[in-house]
Amino acid sequence: MSNCLICKTEYVEATVNFCSTCGWDLSQDNVYVLGELPDVFVQNQQSQLAGARRIWSSFLANQERLNQEKADLSSQLTEQLTQVQEQLAKSRNLRRQIQAKLEQVTAQLTQKEQETPALQAKIAKLAGERAELVAQLAQANLGVSRLEQVTRERAELFVQLAQSDAELHKLKQEHLVLVAQLAAAKTENSRLQSELGAKLAAAYIKIAGLQSDLATQLSQSQTENARRQNIARERDELAAQLAKAHTENSRLQVALEQQLVQRELVVGNHREFSFPVVILDRQGRENSRQNGTAQALIQALPGGIMLEMVAIPGGKFWMGSDTELERRDSESPQHQVTVSPFYLGRFPVTQAQWAAVAGLPKVVRDIEANPANFKGKDLPVERISWYDAVEFCARLTEYTKLPYRLPSEAEWEYACRAGTTTPFHFGETISPKFVNYDGNYTYGEGKKGEYRQKTIPVGSLKIANAFGLSDMHGNVWEWCSDIWHENYNGAPVDGSAWDDLDKNHLINLRQKLNDNDNHSRLLRGGSWYDLPWFCRSAVRSRDLSAFRSYLIGFRVACVAARFP
């Protein structure tokens, strides 16, 4: 074996002529000259060097790419590690909270287990009381059924009375007869007083004579002494009867005068008025217009201000809504209500009327004479709390001797609908031409219109419903007597106010004004600021009794002694 002189590759002598590695001539007579390499060897080495350089460049590029990917991966791992650490911290915090809640629940469970025997005893007691109450309820239902029948009969009688022109004429005739009777009673009273005076003088004379005779005869007989005592007793009895007669006569005279004043207010101050009633089509265009008439009680206030109270006939209606567009759950379930005749303000109370009554003596609470945000004597008064409105009614009652109050929610909706069953007393929709609300919005197929952005004078749109009431939709929300309930489950069906504190509606205004619990009370009708669906007849809203807003006013109701 021999080795190549250039690359030292082994080869077998006499078998090859050239080195398989470097290409050197392996013949023995070939001479190696230092520094001179064969071209084949040089080309082979240069080719290997170029390949090595390409490999090195590729290695550097791959190294740089790997370094970048390593940096990106490191950043992603750092971010993910941070998120995992945050989630771990949250999980640990949640675990502590759950553990604390578990301990709390365990403690409560332990306490409940300890209370279980007492609760079981209490449940047994309540079960017994419930059985007694069920029996009492069964008995009460019999009375309620009879009372409902009597109420229905009474309502029908009121309707007949309210709708009868002949009865109105008869009442006016009775008023004239009552005036004549009062004059005759005054004359008779004077005559009786004269006769009583004469009899009293004669009795005094007779007593004086008897006393004289008794004094003369006293010494004669013990029997005469007894007679004298009897005469003295008779004299005392006669004096007592005379004093009682004077008291009864005064009481009768006062009662008669009060009855005359009441009859003059309720019968003598009525007038008939006419008004246009408009019905709109589904697009809010005027579809029909008719003239209606109604009776109004004209109540004079201080300063020559007048308050018009419209006579609302009694009747039945379906209260609430189960199917109307934009309805709310608080308007259900729809139920039938029977309403007795009453009076309701033709318009919301104006600022002029408010100022006139605010100047009367206080009943319980102070009220501001000019509270409204939008000023104007014919504009509805606003920024009125429920307590302010009740104080107004109390002062008006003291001044007129008629029972003024806020309407119940049922009375308000019955009066607003005026026999209609549509969302508005106008029909299926409303129009800014006839109602003051935000005309940028529509209801149903209605059209957009003017948005006045404030209150307007009451009755200025010259439209009323079939009962003769104006501004029942829009302008200002109106307070009602009732305490707020989430729906109509358990609501009264006789038209009275639903007041858990006054189930029989018997608490007088003074007691209501002393209530400082600030309950949520009913609001009806929508306002100038509201969207049209808030102005529907069935919509119910609420605010705290002490709350004031430039969206809220009210109108008054009255149940007089006699109805025209």
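Quick notes
- Take every pair of alpha-carbon atoms less than 8 Å apart whose residues are at least six positions apart; their mean separation over the length of the stretch 276-358 yields a relative contact order of 26 percent.
- Heavy-atom accessible surface of the stretch 315-461, averaged per residue, reaches 38 Å², computed with a 1.4 Å probe.
- With 30 Å as the limit on Cα-Cα distance, the pairs of K316/K447; K377/K401; K316/K362 that go past it are K316/K447; K316/K362.
- Local electrostatic count, V105, Cβ distance below 14 Å [Lys/Arg +1, Asp/Glu -1]: 0
- Loop sites in the stretch 340-431: GluC sites (Glu not before Pro), DSSP, at most 16 other Cβ within 10 Å: E368
- Listed peptides 287-297, 113-123 appear in the order 287-297, 113-123 once ranked by packing, highest mean of other Cβ atoms within 10 Å at the front.
- Charge context of A464, other residues only, Cβ under 10 angstrom, K/R +1, D/E -1: +1
- Cα lying deepest toward the dipole's positive end in the stretch 323-429, options P423, L379, W354, charges on Cβ: W354
- Rolling a 1.4 Å probe over the protein heavy atoms of the stretch 374-465, with every protein chain left in place, gives an accessible area that is 49 percent carbon and sulfur.
- Cβ charges +1 (Lys, Arg) and -1 (Asp, Glu), total dipole of the stretch 384-444, debye: 200
- Charge context of D322, other residues only, Cβ under 12 angstrom, K/R +1, D/E -1: -1
The values are calculated or read from the model by the stated rules, or taken from the named source; none is laboratory data. A quick note: this is a predicted structure, and the numbers were derived from the prediction, not measured. Positions of Cβ are generated from backbone atoms using ideal geometry, with glycine treated the same way; all protein chains shown enter the neighbour counts. Only protein heavy atoms, including side chains, enter the accessible area calculation; ligands, DNA and RNA are left aside. Shrake-Rupley method; radii C 1.70, N 1.55, O 1.52, S 1.80 Å.
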